[in-house]
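J.: Sharing a structure, written as C-alpha cells. Questions coming.
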Amino acid sequence: MADPSSYRPVPGQIPDSPGVYRFRDEHRRVIYVGKAKSLRQRLANYFQDLANLHPRTRTMVTTAASVEWTVVSTEVEALQLEYSWIKEYDPRFNVKYRDDKSYPYLAVTMNEEFPRVQVMRGHKKKGVRYFGPYAHAWAIRDTVDLLLRVFPVRTCSAGVFKNAARTGRPCLLGYIGKCSAPCVGRVSADEHRELAEEFSDFMAGRTGTYLRRLEKQMTEAAEEMEYERAARLRDDIEALKKAMEKNAVVLADATDADLIAVAEDELEAAVQIFHVRGGRVRGQRGWVTDKVEEITTGALVEHALQQLYGEETGDSVPKEVLVPALPDPLDPVQEWLTGRRGSNVSLRIPQRGDKKALMETVARNAQQALVLHKTKRASDLTTRSRALEEIAEALDLDSAPLRIECYDISHLQGDDVVASMVVFEDGLQRKSEYRRFQIKGFEGQDDVRSMHEVITRRFKRYIAEKEKTGEWVDEGAGSGSQDPQDDFRDASGNTLTEDNGRPKKFAYPPQLVVVDGGRPQVAAAKKALDELGIDDVAVCGLAKRLEEVWLPDDEDPVVLPRTSEGLYLLQRVRDEAHRFAITYQRTKRAKRFRSSPLDDVPGLGDTRKQALLKHFGSLKKLRSATIDQICEVPGIGRKTAETIAVALAQAAPAAPAVNTATGEIMEEEPGTMGSTGEPATAGAPDERRGQET
C-alpha cells in the first residue's frame, strides 16, 4: 500500500484552472480519470487525512503511485476529454466501469429503412453510426432535441412508428416540426435517409457547411422580408452552435491535425502534442528535454517532428501540423513529412480562429509541464539527498551511500535457484548495471549459502578488474581468478563477455550492499566480503516482516521511522531486487518447461520442429519413427533425420502422466511437450505465488 504523501504534488505546482487528471499505479497503468473546474482544489481533496476519505477513494489513492493532469480551456472540453480517456484506458476505479455499466452513445441506425436517432449502450452493432460516449443519457437527449430543429430525423421506437403508419397520424414531434414524419409519408425513405446522413455528418464534425448554408438562407430570407423564416433560421443556427458546444468539437469540418507547442527556458524545453482527429482531441503526449546547446524554437520543433514521425507512415502523419515556430529551412522538413505520409502535409503556424485558440491550450499545457518538471526535479533531488543522509546516519556510515547494490534470491521449492543484483546511484535506478546470476555451487534450497555465493562471485569480479589496473594490492585476500563457467548476465539476459561487445566489468564498488533478508543473510554477505579482504563496503539487510534493518554483529535491528525517506528508499531498492529476481526465475522455469530434445538438434528451427510434430502427431510417435520416415517430412534431409534420431534416442522419455483420481495412465496430447519433450500433463510443480521466494 502506497503512501499518498510520497507522490503528492506541491500545491503550487497544480494550476487553478479546468482540466482532466489521471492517477497511475506503480506499473504506469491509469487507474482513475477525473475532471475538475479547478484542478488545484479537486486534487487537494485526495491528499487529506486517509481517515476522512471514502473507503473507495482511500483504496484508490493508496493504490496509485503518481498523478498527472491536462489543462483545458473550458469545462466542456474537460468533460469530453475525461470520457474519451475513460473509454481508452478503462480505469479500474472509475465507478461506471467498475459497476459493469456502459457509457451511453448517440446512435443513428443506418441499417434500417427509416434510420432512427436514439441512445444506445453496450456492444456496437454493424451498420449503426455511433457518437460519444457521453456522461449522461440526458446530455444526448438535449443534443438531439437541439438538432431536430434542423435535421428532423425519426426518434420513435418501432412500435410507435408502426402504430402511426397504421393510424395515419404522426406523433407529437411530427406535429411540432421535430420529425419529418416518414411514418405517414410526408417524406420518402430516400429523403429521410438523406436527413439522417446530414445529421451524422454534423455529429462527425463537418459543421461548417451546414452553418454557412443556414446563414446564407437566413440572409436571403431577411432580404426578401420573410422575417419569420429568417428568425426561425436564426434559431436553428443558435441550436446548432449549442449542440456543437455540447458535443465538444474543438475544430470544425472534421479536421485531422497535430498541434505542437513548446515551452522553454535557458536550460530545458517542454514539448506538448495534441492529436486532433475528426475535430476532437483524441490523444496527448509530451516530454521535457535538456538544451545542451543554444537552439532556436524552430530547431526544437524540427527535433519534435523527427521524434513524432520518424517511424510513422500513411495516415499516422496527419494532413496538417500546427507549430509555434517553423523550422529553418522549411522546405526539407515539409518534403520529408510529405514523403512519410504519401501525400501533401501542411506545416504552419495558426494565425486566427479555433486553431489558434486550441494552440494556446496546448501551449499552456507545455508551460505547466515545464514548471512541474522543474519543481519535481528539485523536490526529488532534495528528497533523495535526505534519504541518503538518513541511511548514512542510521547505519553510521562515513558518507552518504551514492551507489547501493541490493541482492535477492529466488526459487520455486528449491528448483531454478537464481539471484538478482540491482543498482541505485544517487537514489535512482541504474538499470544498465543490473545483473542476474544462476546459483550453481550446490543443488537445493539454501538462501544463506546462495547469498554467500553471489556476493563472492560479484566481488571476485571486482577484485579481478582492480588487479588488471594494479589498484588491488592485497595479495593474500581472496582469489581474483575468474571461473570460466561463472557467467554473469545483464538485465536482458546477455552473458557479459568481451566477445559480444557488451561491458563485463564490475569495476564500480558500492558504498552499501543491501540483502533481502535478516541476520542470516546479512552474516553470509559479510562473511563473503571478509573472505575476500574487502572492508570498505557496508552491509545491511531489510527484513520483510517488520521492515527492520539488520547490521552485521548487532543483536538488535535498526528501526527507522515509518515516515523516513531513508526507509522508503531501502524498501524501493529491496522491492526492485525482488521483482527482478522473480522475473528471471519465472523466465528460466518457463523455458525449462518448454524445452525439448529437438532443441539440441543443430540447425533445426521452429518451423521444421512444428512440421515434424504436425506430421507425426506427437513426440512419442516421432521417437519411434525410422530415419526414412523422418525424411518424408518436407525440409528434412537424411543427415538432419539421422541427427534427430540420435538426439531423441539419447533423451530419456518422461514418466507417463497419471490421473490421480482414477489411477489411469493418460495418453499424451498431440504436439504437447514437457521438460523432456514428453507430454506435460502431470507432475508440474505447484506455481502458487506464495511459494516463490
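J.: Of everything in segment 513-535 that's modelled with pLDDT of 90 or more and among the basic types (Lys, Arg), which residue is farthest from LEU567 (Cα to Cα)?
T.: LYS527
Matching residues to (1) at pLDDT 80 or above; (2) out of contact with any Ser or Thr (no Cβ under 8 Å at 6 or more places or on another chain); (3) among the charged types (D, E, K, R); (4) within 17 Å of ARG586 (Cα to Cα):
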site: ARG403; (1), (2), (3), (4): yes, yes, yes, no
site: GLN429; (1), (2), (3), (4): yes, yes, no, no
site: GLU433; (1), (2), (3), (4): yes, yes, yes, no
site: ARG436; (1), (2), (3), (4): yes, no, yes, yes
site: ARG449; (1), (2), (3), (4): yes, yes, yes, no
site: HIS452; (1), (2), (3), (4): yes, yes, no, no
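J.: While we're here: Out of all the residues in segment 186-206, which are in contact with a Phe, Trp or Tyr (Cβ under 9 Å, 6 or more places away or on another chain) and open to solvent by less than 60 Å² (accessible area, probe 1.4 Å)? Break it down stepwise before answering.
T.: From segment 186-206, those in contact with a Phe, Trp or Tyr (Cβ under 9 Å, 6 or more places away or on another chain) are 189, 192-193, 195-196, 198-204; that's our starting set.
Within segment 186-206, ALA189, HIS192, LEU195, ALA196, GLU198, PHE199, SER200, ASP201, PHE202, MET203, ALA204 qualify.
J.: Within the bounds of segment 239-257, is there any residue that is within 19 Å of SER200 (Cα to Cα), assigned to a helix (DSSP H, G or I) and either of a type in the set (Phe, Trp, Tyr) or at pLDDT 75 or above (or both)?
T.: Within segment 239-257, none of the residues are within 19 Å of SER200 (Cα to Cα), assigned to a helix (DSSP H, G or I) and either of a type in the set (Phe, Trp, Tyr) or at pLDDT 75 or above (or both).
J.: Still on this structure, I have one more. Just checking, how many residues over segment 193-229 are modelled with pLDDT of 75 or more and either more than 27 Å from PHE114 (Cβ to Cβ) or assigned to a loop (DSSP other than H, G, I, E, B) (or both)?
T.: 15
J.: Determine whether segment 345-359 contains at least one residue that is among the small types (Gly, Ala, Ser), crowded, with 21+ Cβ neighbours inside 10 Å and closer than 29 Å to ALA263 by Cα.
T.: Looking through segment 345-359, none of the residues is among the small types (Gly, Ala, Ser), crowded, with 21+ Cβ neighbours inside 10 Å and closer than 29 Å to ALA263 by Cα.
J.: With respect to the numbered conditions (1) open to solvent by 30 Å² or more (accessible area, probe 1.4 Å); (2) polar (S, T, N, Q); (3) touching a strand residue (DSSP E or B) at 6+ places or on another chain (Cβ under 8 Å), which one is the sole condition not fulfilled by GLN585?
T.: (1)
J.: Just to be sure, is ASP315 at pLDDT below 80, within 24 Å of LYS87 (Cβ to Cβ) and part of a helix (DSSP H, G or I)? Show your work before the answer.
T.: On the way: at pLDDT below 80: yes; within 24 Å of LYS87 (Cβ to Cβ): yes; part of a helix (DSSP H, G or I): yes.
The answer is yes for ASP315.
J.: With respect to ASP575, determine if the residue is modelled with pLDDT of 80 or more and open to solvent by 40 Å² or more (accessible area, probe 1.4 Å).
T.: Values: modelled with pLDDT of 80 or more: yes; open to solvent by 40 Å² or more (accessible area, probe 1.4 Å): yes.
Yes; evaluated as a whole, the condition is true for this residue.
J.: Could you check how many residues of segment 172-192 are touching a residue at least 40 places away in the same chain (Cβ under 8 Å) and over 16 Å from ALA158 (Cβ atoms)?
T.: 0
J.: With the requirement that a residue be open to solvent by 30 Å² or more (accessible area, probe 1.4 Å) and either touching an Asp or Glu at 6+ places or on another chain (Cβ under 7 Å) or closer than 19 Å to GLY541 by Cβ (or both), what does segment 397-412 give you?
T.: Listed by number, the residues that qualify are LEU397, ALA400, LEU402.
J.: Working carefully through the options ASP49, ASP3, find the one that is within 22 Å of THR563 (Cα to Cα), open to solvent by 60 Å² or more (accessible area, probe 1.4 Å) and in contact (Cβ under 8 Å) with a residue 40 or more places away in the chain.
T.: From the options ASP49, ASP3, the qualifying one is ASP3.
Here's the yes/no breakdown for (1) open to solvent by 30 Å² or more (accessible area, probe 1.4 Å); (2) touching a helix residue (DSSP H, G or I) at 6+ places or on another chain (Cβ under 6 Å); (3) modelled with pLDDT under 85:
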position: ALA78; (1), (2), (3): no, no, yes
position: LYS96; (1), (2), (3): yes, no, yes
position: ARG141; (1), (2), (3): yes, no, yes
position: TYR175; (1), (2), (3): yes, no, no
position: VAL184; (1), (2), (3): yes, no, no
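J.: Follow-up question, since we're still on this one. Please indicate, with yes or no, whether at least one residue in segment 553-565 is touching a residue at least 24 places away in the same chain (Cβ under 8 Å), under 28 Å from the mean Cα position of the chain (by Cα) and surrounded by 15 or more Cβ atoms within 10 Å (Cβ to Cβ).
T.: Scanning segment 553-565 turns up at least one residue that is touching a residue at least 24 places away in the same chain (Cβ under 8 Å), under 28 Å from the mean Cα position of the chain (by Cα) and surrounded by 15 or more Cβ atoms within 10 Å (Cβ to Cβ).
The values are calculated or read from the model by the stated rules, or taken from the named source; none is laboratory data. Note that this is a predicted model, so its numbers are computed, not measured. Quick reminder, even Gly has a Cβ in these numbers, built from the backbone with ideal geometry, and neighbours come from all protein chains shown. These accessible areas exclude ligands, DNA and RNA; they are computed on the full protein's heavy atoms, side chains included. Shrake-Rupley method; radii C 1.70, N 1.55, O 1.52, S 1.80 Å.
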